[in-house]
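Structure record follows, encoded as structure tokens.
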């Protein structure tokens, strides 16, 4: 799997253009890309599942189910931070 880590803007990262991102994603499955997007969004939302679900356009229940699957697979999921 190819993992793409794009830092959040508040960390001083520059935005990547689609033509710069797509080559990084080639070779990854849709599920892998989705998982990375979910995990990075959750991290950016400080583990707040309600906010992350809004950003992703998912219901909180769907996001919770995805998180449960990731955790069961041994993937570290960002925890809620106050």
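The values are calculated or read from the model by the stated rules, or taken from the named source; none is laboratory data. The shown structure was predicted, so the numbers you read here are calculated from the model rather than taken from an experiment. Quick reminder, even Gly has a Cβ in these numbers, built from the backbone with ideal geometry, and neighbours come from all protein chains shown.
Looking at region 54-63, which of its residues are part of a loop (DSSP other than H, G, I, E, B) and touching a helix residue (DSSP H, G or I) at 6+ places or on another chain (Cβ under 9 Å)?
Hits for region 54-63 are 58, 59.
If you check every pair at least six apart or on different chains, which have Cβ atoms under 9 Å apart with a residue in region 65-82 that is touching a residue at least 60 places away in the same chain (Cβ under 8 Å) and at positive phi first and a residue that is surrounded by fewer than 10 Cβ atoms within 10 Å (Cβ to Cβ) and part of a loop (DSSP other than H, G, I, E, B) second?
Between residues of region 65-82 that are touching a residue at least 60 places away in the same chain (Cβ under 8 Å) and at positive phi and residues that are surrounded by fewer than 10 Cβ atoms within 10 Å (Cβ to Cβ) and part of a loop (DSSP other than H, G, I, E, B), there is no close pair.
For residue 36, are the conditions met, namely being surrounded by 13 or more Cβ atoms within 10 Å (Cβ to Cβ) and either free of Cβ contacts under 8 Å to residues at least 12 places away in the same chain or part of a helix (DSSP H, G or I) (or both)?
yes
Since residue 17 meets every condition but one in (1) out of contact with any helix residue (DSSP H, G or I) (no Cβ under 9 Å at 6 or more places or on another chain); (2) modelled with pLDDT of 95 or more, which condition does it not meet?
Unmet condition: (2).
Here's the yes/no breakdown for (1) part of a helix (DSSP H, G or I); (2) within 24 Å of residue 22 (Cα to Cα); (3) in contact with a strand residue (DSSP E or B) (Cβ under 8 Å, 6 or more places away or on another chain):
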residue	(1), (2), (3)
32	yes, yes, no
46	no, no, no
52	yes, yes, no
65	yes, no, no
76	no, no, no
80	no, no, no
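What are the residues in region 44-54 that are surrounded by fewer than 16 Cβ atoms within 10 Å (Cβ to Cβ) and on the phi < 0 side of the Ramachandran plot, if any?
Selection gives 50, 51, 54.
Taking the condition at pLDDT 90 or above, surrounded by 10 or more Cβ atoms within 10 Å (Cβ to Cβ), in a helix (DSSP H, G or I) and out of contact with any helix residue (DSSP H, G or I) (no Cβ under 6 Å at 6 or more places or on another chain), does residue 24 pass?
No.
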